[in-house]
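In what follows, a single structure is set out as structure tokens and then discussed.
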Amino acid sequence: MRIAFLTTFFIGEYGVTRVIAAQMPLLVSAGHQVDLYACFLDKGLVAPGVRSVRVPTHFKGFRECLQRGAYDVVIACTEQFYSLVADFHLDAVTIAYEHGYIPVELTIPEERESHRKMVEARVGEIYPAFTAVVTISRYAVEYIRWPKAMVLYNGGDHFAKLYRGEEIAPLANNAPITVLMVTRFRTTEWLYKGLDELCRLKKDLGDGYKVVVVGGGDSETYAKLSACGIDARPPVKDPVQMAQLYAECDVLVSFSKCEMFNLPLVEAGFAHKPALALNLCAHPEVTPFVFDDYEGIRDYLKNATARSLGDDGEKMFAFVDGKFRSEYNGRRFAEI
């Protein structure tokens, strides 16, 4: 079959990039021809055998481009492409690959009305126009209000092969406990990603813990995190460097209030690190370490030792290993 993936972003800081970057070569190896269309495209992340096309953000001529491609399946992965494909009425099977959206109440005030209209359009106009809707957790099926959506768990082992080689150095025995968060933390994302809680955590844990956050921010949020004593780093494009960050930490935390999956939890699991999250949204599906409130996560960390975190890391690995490998994801996607 001829398959087209459409995504606004195909750059390293977005979880959707890592997921479909792992899916596409599996579909190629199964004999399908796969093309990727993206507005923001890092060609270095495109697997061999996949043709990639940069799409201008005005989208002029894009419908004709897809028609000339004579695709059997068109998979829209992000908001702009949901709307476009719903309007195009293509002669192809069309899939809305729904990775989720934040609740209206967690957006910044000036964006709430436009965001509310976007959410309402999903159910009223977008999903009915597609052949099928695929989403990434059982929780997401309920959240997007589309009971017919099929569940396709993300694969999260894209860094796992690196831990078997010599590229990743072992963690020093005398290193302080390192708490890692992998998330975007721009001003518009600060609230729902839980960065206030991360700042509070650094203060409560004190100097015996190193807290690192990696992801896209802006000058204001980098400054706020630095002022709290947090090591804030920009997105990491190189997979070896990203794998190194997971290997160097002792534990990963997330204070996010809304996630349809939360991929870094699983990525940490494949590095044999425990991943802690609030008992909200899809978190119970992707990690065994969920807590009812901030204090639960804080107290777990205060009472932790390098050994106890290592033991919990093995529990975490066993949890993700049986459910979230890319090969399982690719097999299920081919079935869909």
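The values are calculated or read from the model by the stated rules, or taken from the named source; none is laboratory data. Computed from a prediction, not measured in an experiment: that's the story for all the values here. Please note: Cβ atoms are built from the backbone with ideal geometry, for glycine as well, and neighbour counts cover all protein chains shown. The accessibility values were calculated without ligands, DNA or RNA, using every heavy atom of the protein model including side chains. Shrake-Rupley method; radii C 1.70, N 1.55, O 1.52, S 1.80 Å.
What to note about this one:
- Unique residue being of a type outside the set (A, V, I, L, M) and touching a residue at least 40 places away in the same chain (Cβ under 8 Å) when the list is E125, E64, E98, E105: E98
- Within region 93-110, the residues that satisfy the criterion of being more than 22 Å from the chain's Cα centre (by Cα) and closer than 21 Å to V16 by Cβ are V93, T94.
- Every test in (1) in a strand (DSSP E or B); (2) touching a Gly at 6+ places or on another chain (Cβ under 9 Å); (3) surrounded by fewer than 18 Cβ atoms within 10 Å (Cβ to Cβ) is passed by V28 save one, and that test is (1).
- Screening Y71, Y82, Y101 for residues that are on the phi < 0 side of the Ramachandran plot, in a helix (DSSP H, G or I) and in contact with a Lys or Arg (Cβ under 9 Å, 6 or more places away or on another chain) leaves exactly one candidate, Y82.
- Candidates R116, R145: the one that is in contact with a helix residue (DSSP H, G or I) (Cβ under 7 Å, 6 or more places away or on another chain), part of a helix (DSSP H, G or I) and modelled with pLDDT of 90 or more is R116.
- Filtered residue count, region 137-166, keeping only those that are open to solvent by less than 50 Å² (accessible area, probe 1.4 Å) and more than 26 Å from T187 (Cα to Cα): 16
- P176 vs. criteria open to solvent by 40 Å² or more (accessible area, probe 1.4 Å) and over 19 Å from the mean Cα position of the chain (by Cα): yes
- Selection count where residues are buried (at least 23 other Cβ atoms within 10 Å of the Cβ) and either over 23 Å from W190 (Cβ atoms) or of a type in the set (S, T, Y) (or both), scope region 260-286: 6
- Of K237, K257, K202, K210, all but one fail to be over 20 Å from G296 (Cα atoms) and either open to solvent by 50 Å² or more (accessible area, probe 1.4 Å) or without any contact (Cβ under 8 Å) to a residue 40 or more places away in the chain (or both); the exception is K237.
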